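The values are calculated or read from the model by the stated rules, or taken from the named source; none is laboratory data. On a predicted model such as this, the values are computed, not experimentally measured, just so you know. Backbone-built Cβ (ideal geometry, glycine too); neighbour counts: all protein chains shown.
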Amino acid sequence: MSDDDIIANDLRYMLQTYQRPDFVLERGEGCYLFDTRGRAYLDCVSGIAVNALGYGDTQIIQAIADQSALLIHTSNLYHTPPGGALAKLMVEHSFADRVFFTNSGTEAIEGALKFSRKYARTHYGEGKTRFVAFSGSFHGRTIGAVAVTFTEKYRVPFEPVMPGVRFVPFNDVDAARAAITEDVCGVIVEPVQGEGGLSVASLEFLRGLRAQCDAVGALLITDEVQCGMGRTGTLWAHEPYGIQPDILAVAKPLGGGLPIGAILMTQAVADVMRVGEHGATFAGGPLVTGVAQIVFQRIAEPAFLAHVREVGDYLDEALGDFASAHPQVIELRGRGLMRGVRIRGSAQAVREAGHEVGLLVASAGQDVIRLLPPLIFEHRHVDEAIAKLGHAFERAIW
């Protein structure tokens, strides 16, 4: 089929909720994607922070082949070897005592909300059902996850959504303390916001949330679906703050491109859940958990995380030089290999101009260019990305 035929089928038969460019991606290699015409694109999107190990990774390919030959799916009615092995790995490398697998980040958030409600009801009785979330937040698209998502375009068209959510300005410690009252069962926060524009939580803010949750018996949920699993230079994005959540949601990079999420929790949270109260047919199947073991082991290696920090520092310096040379840049945000460039103008225009020069970037809102390269990025990739971003700025219609 020609590109025109492929795109025509998409436009004719698929629900049009995505705005896609007019090329067709066919294969990937390392940090590059290639379209059907053979044109290469340096990827600074990573499938929206999913492809942490890039494309064509031989260990992932082998794990898919090996596990597919053994067993792909049984449902959660039965034990299989990979799921428990992955859960053990994640517990050993986190604050958590227990893991529940999901199919996506949204499902992980949905489960975290349910577990918080059940915990509050078990320990405090009726009435402790409210959640606190923050400006700029994005937590998913199911009816519960979208209820704690601040941006109105994601939430308002589907109202009424889950009730009982209070929104507070991000990084406002005093407002958060005032909002986290005795009727709150859970507080959900992204240590580094994704869709909300790459804003980074301050040390005082996250520590204040932990303290106030403790004071009123609320659970602290960190949404690390995008910022977790090495993306910011530590395995978990909350680590530099010296606090521990009660529940953590992770997803995007865990399956190496296959769909999986996970809810990490303390034993106190796990203790309130009973057999049959929550479940998922496909979640934690042997194929995806077999692959996820490989991905998790690779990313959790201290040397790998040190590499992310080192290249992240190099990217930070390069973006600083770029901002000095481009007056359109207002602010640089983010940490590690999760970066935002806030500009005077349209982030979408820069993103589209990037396609013309062989660069894939994302946006976060109208004025933030989002960079989420594979975690295997090297200095040379950073140099190429910065050069191509400059060419995109030259081509963009401001």
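Laid out as a table, the results:
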| quantity | calculated |
| --- | --- |
| Only listed residue being at pLDDT below 95, of a type outside the set (D, E, K, R), assigned by TED's automatic domain parsing to the domain that holds Gln244 and closer than 30 Å to Phe377 by Cβ, chosen from Gly196, Gly230 | Gly196 |
| The one condition in (1) modelled with pLDDT of 95 or more; (2) among the acidic types (Asp, Glu); (3) in contact with a helix residue (DSSP H, G or I) (Cβ under 8 Å, 6 or more places away or on another chain); (4) loosely packed, with under 13 Cβ neighbours inside 10 Å that Asp22 fails to fulfil | (1) |
| Considering residues of the stretch 55-102 that are among the charged types (D, E, K, R) and under 20 Å from Gly257 (Cα atoms) only, the residue surrounded by the most Cβ atoms within 10 Å (Cβ to Cβ) | Asp57 |
| The lone exception for Ser116 - which of (1) touching a residue at least 60 places away in the same chain (Cβ under 8 Å); (2) out of contact with any Cys (no Cβ under 6 Å at 6 or more places or on another chain) it fails | (2) |
| Every pair of residues 6+ apart whose Cβ atoms lie under 7 Å, when the first sits in the stretch 149-160 and is in contact (Cβ under 8 Å) with a residue 24 or more places away in the chain while the second is hydroxyl-bearing (Ser, Thr, Tyr) and surrounded by 11 or more Cβ atoms within 10 Å (Cβ to Cβ) | Phe150/Ser135; Phe150/Ser137 |
| Unmet requirement for Lys153, which otherwise passes all of (1) over 27 Å from Asp271 (Cβ atoms); (2) surrounded by fewer than 16 Cβ atoms within 10 Å (Cβ to Cβ); (3) touching a Ser or Thr at 6+ places or on another chain (Cβ under 7 Å) | (3) |
| Residues of the stretch 131-158 satisfying the condition of being over 17 Å from Gly111 (Cα atoms) and in contact with a helix residue (DSSP H, G or I) (Cβ under 9 Å, 6 or more places away or on another chain) | Phe134, Ser137, Tyr154, Arg155, Phe158 |
| Some residue of the stretch 328-337 being under 18 Å from the mean Cα position of the chain (by Cα) and within 22 Å of Gly257 (Cβ to Cβ) | yes |
| Residues within the stretch 208-255 that are among the small types (Gly, Ala, Ser), in a loop (DSSP other than H, G, I, E, B), in contact with a strand residue (DSSP E or B) (Cβ under 8 Å, 6 or more places away or on another chain) and in contact (Cβ under 8 Å) with a residue 40 or more places away in the chain, tallied | 4 |
| Long-range neighbours under 8 Å by Cβ, at least six apart or interchain, first residue in a loop (DSSP other than H, G, I, E, B) within the stretch 354-378, second among the acidic types (Asp, Glu) and buried (at least 24 other Cβ atoms within 10 Å of the Cβ) | Pro373/Asp43; Pro374/Asp43 |
| Members of the stretch 232-250 found to be of a type in the set (A, V, I, L, M) and under 16 Å from the mean Cα position of the chain (by Cα), listed by number | Leu235, Ala237, Ile247, Leu248, Ala249, Val250 |
| Set Ala318, Ala323: member being within 24 Å of Gly228 (Cα to Cα), modelled with pLDDT of 95 or more and either small (Gly, Ala, Ser) or not in a strand (DSSP E or B) (or both) | Ala318 |
